[in-house]
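Structure first, then comments.
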Amino acid sequence: MRLRPGLALNLAAALLCSCAVGPNFQRPEAPNVSNYTATPLPKDTAETSGTGGAAQHFLQGQSIRADWWTLFRSEPLNQLIQQALAASPTLAAAQATLKQAQENLRAQFGAAAFPSVDASASGTRQRFSGAAFGSAGPASVFDLYNASVKVSYSLDLAGGARRELESLRSAVGYQRFQLEGAYLALTANIVTTAVQEASLRARLQATKEIVAEQEKQLEVVQRQFQLGAVSRSDVLAQRTQVAQALASILPLEKSLAQTRHLLAVLAGKLPSDATLPKFDLDAMHLPESLPVSLPSSLVRQRPDVRASEELMHEASAQVGVSTAAMFPQLTLSGSYGSETDKASNLFSSGTSVWSIGAGLLQPIFHGGELAAQRRAAVDAYDQAVAQYRKTVLLAFQNVADVLRALDIDARALKAQAQADSDAHDELKLTQTQFRLGAVSYLSLLSAQQQYQQAHIGLVEARAARYADTAALFQALGGGWWNRTSVSEKATPAESK
């Protein structure tokens, strides 16, 4: 008979409720804080005119939707993520590891909860000499046939088997949240890589526009040189400016190609796949309403924190396993069968044989081995507790960093947009003055450099808002608990 997976796990959970030596695991309480940052964040970020400059609103205590990436309103991005979720080898490996942990739990449950029953049959033909029995008689030949059923069951007096089941169940939970972490990392990496590609395309376009403008200016400088209004060094300087701008295109093209290769691999595709969509910042929508989970909920939402908690639970159970090894172990066994000298007489009257017995093992002296193993298990638990605390601290730092970054990103974009506008106006004015001979070439060169830096900075500031918005959803756990496919019963809504 094959136990259904759900029934097996429920029975294992019931066993864990019974008495067993060792500590009973207590879920850590969430940090008692009301804010992620030392100073409160504004409810809304700064607003800037133009694409990607809308104000974002922080909605405290609101839940995150499972498909949070759809808030960017990019259909190519949505389709790529769905393809990646179906084809990613990283997710496939995490799913297989989870199934392995589940099967290990079922195997241990079967060994601990039920007696082992084995059937055996044998046939032997043997010749022996009478000298073996102190007789001078002739040698004899005989046949012996045996068929029996043996039953063995170890009573879990101290609860060591139950603690081992508890440990394996935590190992399943750990792999469960490792899978959720892989799912979250994959979706977030695809979004941020798509934003990176869009940013590189925008920077390439901006650089090409700057090159075109500088080439026009080079024509002006050359005409003025022919008229004797400027020196040859001014012409060479402008040519150098154009050449440098052209040279800056090549690293951008290299980064763009590498980014697309990465995006293809994340989606489970080969870099040569021609069906990979192209991304543009103007085709993406900046999410304006940003749900921010309460700090007390974060430890139940972050897959890495939940995975660390399961490791702590597993280490706690192993303390019980090592403690139980110091207590008596009782094993019951029995067998029933038939033994005869003819195969045809098996199970005939008078051929039955049986046995029943019990064995008790009490460790007395092992040279300190068992006590040392228990101390090592306690130390491993202390290490898991410290690692859990570190994971929680890093999780809160992650959220605080992103929240503060979003606030600063909005203000940086506003300042950068103003700088771009001022630099563009300054460049146009300087170009006019230069054509009229009112300013030197050095003034024109300075205006060109300032505009180039301001324009590229504007593109990077726009991209930073998109990337940090995706990072916020990732930092808050990504809404995995709102997916209909989630089978994990322990959701973030549970506090105890």
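Some values worked out for this structure:
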quantity	calculated
Which of His455, Ala107, Ala419, positive extreme of dipole for the chain (C-beta unit charges)	Ala107
Computed Rg/Rh of region 301-363, alpha carbon atoms with Kirkwood Rh	1.45
Simple spin-label estimate for Val353 and Glu103 in nanometres, 7 Å along Cα-Cβ	3.7 nm
Mean Cβ count within 10 Å, highest first, over the residues of peptides 446-452, 361-367	446-452, 361-367
Estimated dipole of region 342-496 in Debye, rounded to 20 [Cβ of Lys and Arg +1, of Asp and Glu -1, Cα centre]	560 debye
Pairwise label distance in nanometres, His366 with Ala86, each label 7 Å out on the Cα-Cβ vector	5.3 nm
Ellipsoid semi-axes in whole angstrom, largest first, where each is sqrt(5λ) of the Cα gyration tensor of region 189-269	39, 10, 7
Label point distance in nm, Ala229-Glu47, each placed 7 Å from Cα along Cα→Cβ	4.5 nm
Degrees, to the nearest 10: 89-113 long Cα axis against longest axis of the chain	20 degrees
Accessible area in square angstrom per residue, the chain, 1.4 angstrom probe	53 Å²
Stokes-Einstein D in µm²/s, Kirkwood radius over Cα pairs - region 228-347 at 25 °C with 0.890 mPa s viscosity	99 µm²/s
Sequence-distant lysines (8 or more away, or on other chains) whose Cα lies within less than 28 Å of Lys43	Lys414
Fraction in percent of alpha-carbon pairs per bin - 10 Å, region 13-124	8, 16, 21, 23, 16, 9, 4, 2, 1, 0
Segment Ser255-Ser120, extension gain: residue separation times 0.36 nm, minus the distance between their alpha carbons	41.8 nm
Difference of contour (0.36 nm per residue) and Cα-Cα distance, Thr37 to Leu236	66.4 nm
Rg in Å to one decimal, and Dmax rounded to a whole Å, for the chain via C-alpha atoms	36.6, 137
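The values are calculated or read from the model by the stated rules, or taken from the named source; none is laboratory data. Only a predicted model underlies this, so the values are computations on that prediction, with no experimental measurement involved. Neighbour counts run over all protein chains shown; Cβ positions are idealised from the backbone, glycine included. In case anyone asks, the SASA skips ligands and DNA or RNA and just uses the protein heavy atoms, side chains included. Shrake-Rupley method; radii C 1.70, N 1.55, O 1.52, S 1.80 Å.
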